[in-house]
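Bear in mind these aren't lab numbers, they're just calculated from the coordinates by the rules spelled out. Since this is a predicted model, take the numbers as computed values, not measurements. Counting neighbours? That spans all protein chains shown, and the Cβs are built from the backbone with ideal geometry, glycine included.
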Amino acid sequence: MSSGASGMDLYADVKNDIILTPGQIKLISAGIYVSIPQKYEAQIRPRSGLALKHGISIVNSPGTIDSDFRGLVGIILINLGKEPFKISRGDRVAQMVIKPITQAELEEVKELDETSRSGGGFGHTGV
């Protein structure tokens, strides 16, 4: 919607209005099919305005569309807000960003190198 936007808006392709009640998850069709070049992915991300104003997000955020997927693009929306949210045909419900990917080759090893952090995680460094 602007010249500097990194994401492309995705629109709801629904026949009738859908009410997403608080806590509810629904698959919403974007009504499009895409062909992503190899070594790229499409990331489906929430729209910040819907998140802030209504608590609408994407369950698997960011969703990934692989380069070999050719099906209908769907968006798994969730209502984290306190009020029901209406989705109508043509509403902007998500955004899609095309990103390069690196496909790593994994190597099995018997042990890992040590670091100062090692296995610490989940807030181990404090606040």
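The distance between label points at residue 60 and residue 15 comes to 2.5 nm (points 7 Å beyond Cα on the Cα→Cβ vector). Mean-square fluctuations from a GNM of the chain, with a 10 angstrom spring cutoff on Cα atoms, peak among 44, 65, 19 at 19. Here r is the Cβ-Cβ distance between residue 35 and residue 86 and R0 is 41 Å; the resulting FRET efficiency, rounded to 0.05, is 0.80. Computed from the Kirkwood radius of its Cα pairs, the Stokes-Einstein diffusion coefficient for the stretch 54-101 at 20 °C and 1.002 mPa s stands at 169 µm²/s.
Computed on the chain, with alpha-carbon pairs under 8 angstrom and 6+ residues apart, the relative contact order is 36 percent. Rg over Rh for the chain works out to 1.09, both radii taken from alpha-carbon positions and Rh defined as the Kirkwood radius.
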